[in-house]
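Notes for the one structure printed next.
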């Protein structure tokens, strides 16, 4: 099967990564548990808006996307899944973030057979999707209703009709196993 996997907030811990850099640069004491909504970082920082945040995020020898930590179990789970399935990374990125993201994927040995940097994730057809962004979950559930769409449960997203909630990588691996065995039985 083709597994459409989002990166930030799913494989890469975006909030921990930008907060570590922010805390170093601005002597802050931010913690990932403080982000409770999509784009919920502006109220807890000194940035006036997301545009100012993104300008800061690309500053330095590398953007924030180069140094994000991997969520526990994410990369190992992807390596296990890649033995029987095609891992397809689907990530929304600004042009300036693509080189750092590609280096991150290589460093963490993400076994992606395809990498798509797109704003419309419904454009990439997969059998199973794993996503955390509310707007992407809604679009995938609507446009790809015949596929399995998994919502990686995070504080910044709510249940979306037509999606399956997973709270860990172990749960996602189990969903893929069940979907795969269903396909084998019907094939």
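The values are calculated or read from the model by the stated rules, or taken from the named source; none is laboratory data. Keep in mind it's a predicted model, so treat the numbers as computed, not measured. Every residue, glycine among them, receives a Cβ derived from its backbone with ideal geometry; neighbour counts consider all protein chains shown.
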Enumerate the helices (runs of 4 or more DSSP H) found wholly within the range 80-187, keeping only those where 1 or more residues are modelled with pLDDT of 95 or more, within 24 Å of residue 33 (Cα to Cα) and out of contact with any helix residue (DSSP H, G or I) (no Cβ under 8 Å at 6 or more places or on another chain).
134-143, 169-186
Quick check on this structure: which one of 106, 57, 97 is surrounded by 16 or more Cβ atoms within 10 Å (Cβ to Cβ) and assigned by TED's automatic domain parsing to the domain that holds residue 157?
97
Members of the range 74-87 found to be farther than 17 Å from residue 107 by Cα and surrounded by 19 or more Cβ atoms within 10 Å (Cβ to Cβ), listed by number:
81, 85
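Looking at 39, 20, 59 in this structure, which one is over 21 Å from residue 153 (Cβ atoms) and assigned to a loop (DSSP other than H, G, I, E, B)?
Checking each option against the conditions leaves just 59.
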